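Structure first, commentary second.
The values are calculated or read from the model by the stated rules, or taken from the named source; none is laboratory data. What you see is a predicted model, and the numbers here were worked out from it, not measured in a lab. Reconstructed Cβ throughout: ideal geometry from the backbone, glycine too, with neighbour counts over all protein chains shown.
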Amino acid sequence: MLAASTESQREMADSAARVHTRIIEAIRAVPIGCTASYGGVARAAGVPGRARLVGWILRNADVELPWHRIVRADGRSAFPVDSTEWRKQRKLLAAEGVRPGNLGAYPLATAAATDMDMLLWRPAITGTPVDREPRQPPRRAQHAATARIERRKCHH
């Protein structure tokens, strides 16, 4: 019984590590000059509804990530206005040609074909609309959702 429990715990840890890796890959896949929401990254990594996990990974990652390209669902920075982090995020995005619009919101990227699609394309999800989840996705597509990050025209 103990061996089965240990094996189950090992499988859960392996599964969590795979999710963590997919989220990091989705964050890294956001192209220069584009922004994506925390929820969009979660969906792209195959874990819809886990926007807070994306934030946790960004906050605790031991690797360099383009954290500044990830914003709230409304396009605004998750940092308090005028905080050090808010100013740094604005500066980094401005250096990539991204400017905030009304009320300080950054435009999120949409379903346009981009470098990210080429980097993380999976045959199981071609033709899947970005704005909504597929009604009954094939099992193999559940973890291959990276190309579905919320995308609008990038700011180059």
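For segment 87-101, the set of residues classified as within 19 Å of Ile32 (Cβ to Cβ), basic (Lys, Arg) and part of a helix (DSSP H, G or I) consists of Lys88, Arg90, Lys91, listed by residue number. Answer yes or no: is there a residue in segment 92-111 that is surrounded by fewer than 17 Cβ atoms within 10 Å (Cβ to Cβ), under 19 Å from Ala26 (Cα atoms) and at pLDDT below 50. Yes, the conditions are met somewhere in segment 92-111. Scanning segment 53-94 for residues that are within 16 Å of the chain's Cα centre (by Cα) and on the phi > 0 side of the Ramachandran plot yields one hit, Gly75. Outside any loop (DSSP other than H, G, I, E, B), under 21 Å from Lys91 (Cβ atoms) and basic (Lys, Arg): is that true of Arg59 in this structure? Spelling it out, Arg59 is indeed outside any loop (DSSP other than H, G, I, E, B), under 21 Å from Lys91 (Cβ atoms) and basic (Lys, Arg). Given the structure, is Ala42 within 16 Å of Ala109 (Cα to Cα), free of Cβ contacts under 8 Å to residues at least 24 places away in the same chain and part of a helix (DSSP H, G or I)? In short, yes.
Taking first residues from segment 73-86 that are assigned to a loop (DSSP other than H, G, I, E, B) and partners that are of a type in the set (Asp, Glu), the Cβ contacts under 7 Å between residues at least 6 apart in sequence or on separate chains come to Phe79/Glu85. Quick check: is even one residue across segment 60-73 loosely packed, with under 13 Cβ neighbours inside 10 Å, over 18 Å from Leu108 (Cα atoms) and of a type in the set (Asp, Glu)? Taking every residue of segment 60-73 in turn, at least one turns out to be loosely packed, with under 13 Cβ neighbours inside 10 Å, over 18 Å from Leu108 (Cα atoms) and of a type in the set (Asp, Glu). With respect to the conditions (1) surrounded by fewer than 21 Cβ atoms within 10 Å (Cβ to Cβ); (2) without any contact (Cβ under 8 Å) to a residue 40 or more places away in the chain, Val54 lacks only one, and its number is (1).
Cβ-Cβ distances below 7 Å connect the following pairs, each with a first residue in segment 87-110 that is of a type outside the set (Lys, Arg), a second residue that is assigned to a helix (DSSP H, G or I), and a separation of six or more residues or different chains: Gln89/His68; Leu92/His68; Leu93/His68; Tyr106/Leu93; Leu108/Gly40.
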